[in-house]
1. Within the stretch 147-210, which helices (runs of 4 or more DSSP H) (wholly inside it) include 2 or more residues that are more than 16 Å from ligand 2 (Cβ to nearest atom) and not acidic (Asp, Glu)?
2. Just checking, how many residues over the stretch 85-109 are polar (S, T, N, Q) and part of a helix (DSSP H, G or I)?
3. On the given criteria, is residue 162 in contact (Cβ under 8 Å) with a residue 12 or more places away in the chain and more than 27 Å from residue 95 (Cα to Cα)?
4. Among the listed residues 151, 186, 142, 202, identify the single one that is within 11 Å of ligand 1 (Cβ to nearest atom), open to solvent by 70 Å² or more (accessible area, probe 1.4 Å) and touching a residue at least 24 places away in the same chain (Cβ under 8 Å).
5. Within the stretch 110-125, restricting attention to residues that are in a loop (DSSP other than H, G, I, E, B) and over 19 Å from residue 141 (Cα atoms), which residue is nearest to the chain's Cα centre (by Cα)?
6. Which of the residues spanning the stretch 167-183 are in contact with a helix residue (DSSP H, G or I) (Cβ under 9 Å, 6 or more places away or on another chain) and near ligand 1 (Cβ under 9 Å from one of its atoms)?
7. Of the numbered conditions (1) open to solvent by 70 Å² or more (accessible area, probe 1.4 Å); (2) under 19 Å from residue 3 (Cα atoms), residue 168 fails exactly one; give the number of that condition.
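The values are calculated or read from the model by the stated rules, or taken from the named source; none is laboratory data. Computed from a predicted structure; not experimentally measured. We place every Cβ from the backbone using ideal geometry, glycine too, and count neighbours over all the protein chains shown. In case anyone asks, the SASA skips ligands and DNA or RNA and just uses the protein heavy atoms, side chains included. Shrake-Rupley method; radii C 1.70, N 1.55, O 1.52, S 1.80 Å.
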Amino acid sequence: MVEISTSILSVEKGNEAETFMLLEKSKTDYFHIDVMDGKFVKKDTYQQMREYSEYIKRISNLPLDIHLMVEDIDTAVEVFSAVEPNIITFHLEACKSKEEVMKNIQEIKEKGSRVGIAIKPETPVEDVYEYLPYIHMCLIMTVEPGKGGQTLITDMLSKIKRLKEYIEKENIEIDIEVDGGINLKTAPRVKEAGANILVAGTAILKAVDYKVIIDELKE
Ligand code: DX5
Ligand code: ZN
């Protein structure tokens, strides 16, 4: 059974209360918080995602799945640890050295969250192998990070498969999360490739009934 992490990137200001409540009732497993700093990616969602996660923290016990698309990971870890997220994921491409990656992993753990590392479509999956024993999740971006509503890059299916084969061969216990362009058509393909946590924003938020789409994505 896969888990669903609903991206709240495109939740309209003003509808957030009702939307978050509906998503909770519809049994999303996580809220996926897309933090963008306007530097690592063009869009800047920092303030809005901070407000939304503080609000969700107040009204829901569902776990927060923080996806940092930022250059200054230290500051973002400080800021978003305040909402006691279940997991904080940072981008390998935002780190300048192995030491920096290891420091980020340690800092996030010290804050009491699980740790994820995300890689962009053009980053080889082999680049993350050395960190897998120290983290809880690997996020394979199936679109270029920076906005919702894009089409899944099908080349990523073999990347997910390679990662799955590697962690099985090495006996590493780790979640594989995929993010971007996940819908009823692409979900079966990423699941078959080995993903066990699916992020979806557009496919869920544009649906008439969140519960129906979340159940179908989970199947
Ligand atoms: C993109 C974000 C994704 C995105 C997913 O940079 O990391 O989480 O919001 O949105 P959809 O499901 O619309 O592709
Ligand atoms: Zn995301």
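1. Answer list for the stretch 147-210: 156-169, 187-193.
2. Residues in the stretch 85-109 being polar (S, T, N, Q) and part of a helix (DSSP H, G or I): 2 in total.
3. So residue 162 does not fit the description; no.
4. Checking each option against the conditions leaves just 151.
5. Of the residues in the stretch 110-125, the ones in a loop (DSSP other than H, G, I, E, B) are 111-113, 120-124.
Adding the requirement that they be over 19 Å from residue 141 (Cα atoms) leaves 111-113.
Details: 111: 18, 112: 18, 113: 14 Å.
Once the filter is applied, the top-ranked residue is 113.
6. The initial filter retains those residues of the stretch 167-183 that are in contact with a helix residue (DSSP H, G or I) (Cβ under 9 Å, 6 or more places away or on another chain), namely 167, 170, 172-174, 176, 178, 180-183.
If the condition is that a residue be in contact with a helix residue (DSSP H, G or I) (Cβ under 9 Å, 6 or more places away or on another chain) and near ligand 1 (Cβ under 9 Å from one of its atoms), then 180, 181, 182, 183 are the ones that fit.
7. (2)
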